[in-house]
Amino acid sequence: MLHEYEYTYRLINKGAVLGTTPTDVNGNYSLTLNYTGPLLLEITGGSYIDEATGQTVNVPTSPGSGLQAVVSNVTAGSTLQVQITPLTAMATARAQAMTGGLTASNISAANQQVGAYFGGIDILNTQPINPLVANSSTGATQNAINYGIILAGLSQEAQTLGLTNPFSLVTALVQDFSDGNFDGASGSTPIQLNGSAMNRNH
């Protein structure tokens, strides 16, 4: 669920779009900003190949509905190449829901919390392997391999659940973890998945 292409990244501070850039065919990008401070990155539009089904999945184009990542601090003139995945989207939702919102300390805490939950991965700076590419694990770190397998596992779970759009599972999990718990609810509000409340075992 990672290896996107044709995406545009929107870099946002307090709602202002600081810049956009397209990715290459593998979802990679690189950019330099004249900005210092916390930063939200957002994918809008584009598509990726779902690992479990091989289908092309379109990412929503509306701001706030795609994949996001938050960085606690960037320095003007530095090159930005952080990962934007379902896991970073979970961390973004968590940081936004914390008291004070997207502060540097909340962003750091949320990124660390999600990374720890999934085995201690640096979710921003570890580039996941692509399980669809032969020998992609050759020379990769164990964390990069684990990251890629976790994302592929989300694709497999979406297929197991019979979801027409695999991205809907990502959306549900992002909402679910906004309160810091994977329990099928955001606070006391049940998360809807495929027309019904999420099963707590999902």
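Bear in mind that the values in this text are calculations on the coordinates, not laboratory data. For clarity, every value in this text was computed on a predicted model and none was experimentally measured.
Pop out the ³J(HN,Hα) list for segment 161-176 in order, Karplus 6.51 cos²θ - 1.76 cosθ + 1.60 with θ = phi - 60°, rounded to Hz; leave Gly and Pro as x.
Listing the rounded values in order: 6, x, 6, 5, 10, x, 5, 5, 5, 4, 4, 5, 5, 4, 5, 4 Hz.
Compute from the Cα atoms of segment 144-202 the Rg and the Dmax, the latter being the longest Cα-Cα distance, and quote both in angstrom.
11.6, 35
For a quick size check, give me the Cα extents of segment 99-202 along its three principal axes, largest first, whole Å.
44, 38, 18
If I model segment 4-197 as equal point scatterers sitting on the Cα atoms and use the Debye formula, what is log10 I(q)/I(0) at q = 0.14 Å⁻¹?
Summing over Cα pairs of segment 4-197 leads to -0.80.
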